[in-house]
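Right, one structure below, let's go through it.
The values are calculated or read from the model by the stated rules, or taken from the named source; none is laboratory data. Quick caveat: nothing in here was measured; it's all calculated off a predicted structure. Cβ coordinates were reconstructed from backbone atoms using ideal geometry, including for glycine residues, and neighbour counts include every protein chain displayed.
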Amino acid sequence: MNNINLNALRDRAYKTACEHGFHDKELSNEHILCLIISELMEAVEADRKGKQPNIMQFDRGLSYPMNDFKKVYDYCIKGSVAEELADTAIRLLDLAGLRKIEIRDFTEEEIDDSSESCNDETFTESIYAISTIPIRYEYEYGYSLGEQLSSMLLAVFGFAKHLDIDLLWHIEQKMKYNQLREKMHGKKY
């Protein structure tokens, strides 16, 4: 994490979301947080189905024979646990960009601590813990939206590390993919 700037990622995620129409109308924080939680639920479904990315095939597919990023991504990564965690992080970063919230970079020790907190939890228990951060942290600790988003993002990075997922790599790939998609990614909201 030392060489990654979360605010630069935030700016990219927000810019892409704007370019694809996601901020054409004002939406509440609760609306956007619900969409973030929906990404976490998609990660649960991916886990239930055993969907993991095939990164070796992805790398081979980009060079030969397909050489079409979007097609290779769809075949090798789409719908995997790693992709859904990347989507979660991207939506968190986008909301931070929309609300002009600075996200401080996390230390390796913070990510390790967050990862270790998953040791005695099932996959779904860890996802539940992440998805309830906004409500718990607002009412129990009086955390601001920025602190809630930062806490969720740290929890997602820690959970990904616990699962041995290179979340930054998956965020980068998904951001490339999202740039190639149609307005609103073909969805109503």
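Out of everything in the stretch 166-185 that is within 12 Å of the chain's Cα centre (by Cα) and among the aliphatic types (A, V, I, L, M), what residue ends up being nearest to Asp47 (Cα to Cα)? Ranking the qualifying residues of the stretch 166-185, first place goes to Leu167. Of the helices (runs of 4 or more DSSP H) contained entirely in the stretch 28-144, those carrying at least 2 residues that are within 21 Å of Ala13 (Cα to Cα) and modelled with pLDDT of 95 or more fall at 29-48, 81-98, 123-131. Taking Phe157, is it surrounded by fewer than 22 Cβ atoms within 10 Å (Cβ to Cβ) and not β-branched (Val, Ile, Thr)? So Phe157 fails the test.
Scanning the stretch 138-176 for residues that are touching a helix residue (DSSP H, G or I) at 6+ places or on another chain (Cβ under 6 Å) and of a type outside the set (A, V, I, L, M) yields Tyr143, Gln148, Ser151, Phe157, Gly158, Phe159, Lys161, His162, His170, Lys174.
Are any of the residues in the stretch 135-147 crowded, with 21+ Cβ neighbours inside 10 Å, among the polar types (S, T, N, Q) and without any contact (Cβ under 8 Å) to a residue 60 or more places away in the chain? No, every residue in the stretch 135-147 fails to be crowded, with 21+ Cβ neighbours inside 10 Å, among the polar types (S, T, N, Q) and without any contact (Cβ under 8 Å) to a residue 60 or more places away in the chain. Which of the residues spanning the stretch 5-22 are out of contact with any helix residue (DSSP H, G or I) (no Cβ under 6 Å at 6 or more places or on another chain), in a loop (DSSP other than H, G, I, E, B) and surrounded by fewer than 16 Cβ atoms within 10 Å (Cβ to Cβ)? Matches in the stretch 5-22: Asn5 only.
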